[in-house]
Amino acid sequence: MRLRLCEAMVGKRGVALGAFRDGGSGPKIMVGLLAALAFCVFPVSPANASVIPVFSEIAPSANAQINDVGPEVFMQPTASQSGTLNPLSLSVDNAVVFPQGAPLLVGAACNPTAANFCVSVDGQETATWTSASHGTVTFSNYGWHDHLSLTSAPPTAGASNLGPMAPTEQFLYSFVAGPAGTMDIHYTVTNSGSNCFGLMPFDIDASGGSGGPFGSVGLSSTCGTVSGDLTGPITAGASYNFFIKNQSNVSGGLLDRTALIDATFDYTIPDSSTVPEPPSFLLMGSMIPGISGYVWSRRRR
């Protein structure tokens, strides 16, 4: 339909060129020709729409327990925004100490040489955007430091848990898709520490339309690094909820152990392009000689 309209306006027998040929006002007709050219070469259509950000949230969770102290202590701060793309960043530090009342030992301070027994679950999460269609999510030093009794004397048991409290995920980005295409999530996940048992892969899902990237990435209970790309189709104009979640946990006789995750997720969603569509290039090529020829012939009269 657009090509037919363009032919009707600026083709060899188009209205605009016909008016030019029949003696119409040159400046006015040139303005009309340029407007028609812009209409034909740079179309605005659903296929060329841009991604629209709706809502985003980060919520790093960290849950810690020493059985001889009490029930599991849950912690999950959140930072969110609606319709904007400001950077989001949060740190979480959740620690339990034995005996109760002793100074808390957070992060690396909870180690085999610490004066008191402790469980510390902590880390940092950051989300940034360069545009509505491209962003990066990072998790840094996300995991636990545990120091419990190596003998039968208490405290011998506890829990370190990164699992988020439902229905909140560690990362959520809701958006309205632009053109159809493929969403790509490039990931690098590194597990490190003295004992990586309990560390689990990240669950990723971009749900909406005909479906998007979906799967689990990372290593299970193993120290090391893994990287790759997770891809999936995006439906033009559909609403999507893209989330990243990690449910790593360890419980029981924790002994002395450290297990940390460093992960980066760099994602790209199909978006509009300023490059004219291929049919428009062809049409533009057929229009420009015609316009130039008519202008040259009128100047010779």
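Summary table
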item	result
Charge tally in the Cβ shell below 14 Å around D203, where Lys, Arg are +1 and Asp, Glu are -1, D203 excluded	-1
Relative contact order of region 51-268, pairs being alpha-carbon contacts under 8 Å that are 6 or more residues apart, as %	24 percent
F55-A180 pseudo-label distance in nm [points 7 Å out on the Cα-to-Cβ vector]	2.8 nm
Counted charge near A159, where neighbours are those whose Cβ lies closer than 14 Å (Asp, Glu -1; Lys, Arg +1)	-2
Segment T113-A238, extension gain: residue separation times 0.36 nm, minus the distance between their alpha carbons	39.6 nm
Test item: Cα-centred dipole of region 51-268, Lys/Arg +1 and Asp/Glu -1 on Cβ, debye	40 debye
Approximate shape of region 51-268 as ellipsoid semi-axes (Cα gyration tensor, √5λ), whole Å, largest first	36, 16, 13
Separation of the S220 and T78 label points, Cα + 7 Å toward Cβ, nm	3.0 nm
Pairwise label distance in nanometres, N141 with L255, each label 7 Å out on the Cα-Cβ vector	2.5 nm
Fewest-first ranking of F197, F175, using other Cβ atoms within 10 Å as the exposure measure	F197, F175
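Just so you know, all these numbers are worked out from the coordinates, no wet-lab data involved. Quantities reported herein were computed from a predicted structural model and do not represent experimental measurements. With ideal geometry, Cβ positions are generated from the backbone for all residues, glycine too; neighbour counts draw on all protein chains shown.
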